[in-house]
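What follows is a short report on a single structure.
The values are calculated or read from the model by the stated rules, or taken from the named source; none is laboratory data. Worth saying up front: this structure is predicted, and the values here are computed from it rather than measured. As a convention, Cβ positions derive from the backbone with ideal geometry for all residues, glycine included, and neighbour counts pool all protein chains shown. The area values use the complete protein model at the heavy-atom level, side chains included, leaving out ligands, DNA and RNA. Shrake-Rupley method; radii C 1.70, N 1.55, O 1.52, S 1.80 Å.
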Amino acid sequence: MAYEVNGQSVTADEEGYIVNLAEWSEPLANVIAQSEGLELTSNHWEVINFLREYYGEFQIAPAIRVLTKAIGKKLGPDKGNNKYLYDLFPYGPAKQACKIAGLPKPTGCI
Amino acid sequence: MLHTVNKSPLQSRTLEQCLAHVRPGGAVLLIEDAVYAATARTAAGAQIEKSVAQFPVYVLEPDLKARGIASKDVVKGVTAVDYAGFVKLVTEHDAVQAWL
Amino acid sequence: MSMEEGETTGVVKRFLFVNRKAPYGTIYALEALEVVLITAAFDQDVSLAFLDDGVYQLLKTADPTGIGMKNFAPTYRALDDYDITKLFVERESLEERGLPEDNFVVPVTVISRAEMADMMAAQDVVLSF
C-alpha cells in the first residue's frame, strides 16, 4: 500500500508501516493517523516524538511495557499508564503510535 | 548439561570451544558434521580420546553411517546412540546447549 | 494473542542466551538480540553470554554504516529498559582476540572461561546463536 502526501506517494507494507523511514514527515504522520481514524492532538505528538527519539537512540521501537515506563518517567505518572496511552492510540500505543511515527512495528508484537 | 556439536572440527573451532565449557556431570553429543571428530587417528579424535576420560561423549550413529564412517574407526570410549538414544540423553540432562 | 501486555504464566526460569558469532558476517547476532527483546516480555530471569567471536558484537567502536548495515550495537543499551542487566563476557575470548576489557557499548561483567562454564551449567534453558 501507499500514502499520498502533498502529491508524493510514500510506500508502506501491507500493515501500513512505511518502508523507508527517511520518508517520514509530520504531514505524513497526519495522513497515516487519518487512515487509522485518529485526529492527532498535542498529547499524541508527545508520544510520537518520544518514540522517534527512542528509536534514534536505540534503533528499536520499545515494547509497550518499556514505553509506558519510559513515558511515565519523562511525562509523569498520569501519562505513563496503559489507559492513558490506549485512549490516545486505541489499536495499541506501541503498534499504532509507531506506525504513525514512521517506525517499524515494535519487536515482540504479533 | 548436554552439549551438542554439529560442525566438522576441520571446518570450525566449535568442538574445542565446546569441550572447554563442559563441567562435571555434563556430556557431549556429536551430531551431523561433528561426527568426523569421533574418528580415530585424527587430531580431533585425539582430543575426543582425552575428553572421554573426563565426561561421556556420544555420537549419533545415523550421522556416522550417512558419512561412511565405520564403527571400528570410532574413537574408543565414544558411545554411539540412535535417535531414541538422543532423546533419552536430552531427558536425562537438565538442559541442552547446542553449539552452533 | 497479543503480547502487548506482557502476560506471564508466573513460572520464572533461568534463560541464558549464548552469543558466539561475530556481528555482521551472519544474521545470528541480530536475530539473538530480537529474540532476547521478545523474551523480555515474559518476565524471565535472563542472562546474556558473549564468548568466542560473540565478543565482537559489543564493541563500542563499531560503525557499519559503510557496509550498508544497520548499527544494532546501540540496541544493547536498550536492554536495561527491558530489565536485562546480566551481560557476561568471557575473558579468555577477549584475550584470544587482543581485545581490551573496556571497549563495550554497555556495562558488562567479564568472567573467566571456568566461571562461564559454571554459569551455563546452572541454567534452565540455554539458547545458542
Review point. Can we say C:Leu79 is in contact with a Gly (Cβ under 7 Å, 6 or more places away or on another chain), within 12 Å of chain A (Cβ to nearest Cβ), under 21 Å from A:Arg65 (Cα atoms) and buried (at least 18 other Cβ atoms within 10 Å of the Cβ)?
Key: no
Review point. If you scan segment A:57-81, which residues turn out to be within 22 Å of C:Ile38 (Cβ to Cβ) and exposed (fewer than 15 other Cβ atoms within 10 Å of the Cβ)?
Key: A:Glu57
Review point. From the list C:Val106, C:Val126, which residue is within 9 Å of another protein chain (Cβ to nearest Cβ), out of contact with any Cys (no Cβ under 6 Å at 6 or more places or on another chain) and either in a loop (DSSP other than H, G, I, E, B) or at pLDDT 95 or above (or both)?
Key: C:Val126
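Scan A:Glu14, A:Glu36 and give me the residue that is in contact with a helix residue (DSSP H, G or I) (Cβ under 9 Å, 6 or more places away or on another chain) and open to solvent by 30 Å² or more (accessible area, probe 1.4 Å).
When all the criteria are applied, what remains is A:Glu36.
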Review point. What number of residues within segment C:6-52 are acidic (Asp, Glu), under 12 Å from the mean Cα position of the chain (by Cα) and at pLDDT 95 or above?
Key: 0
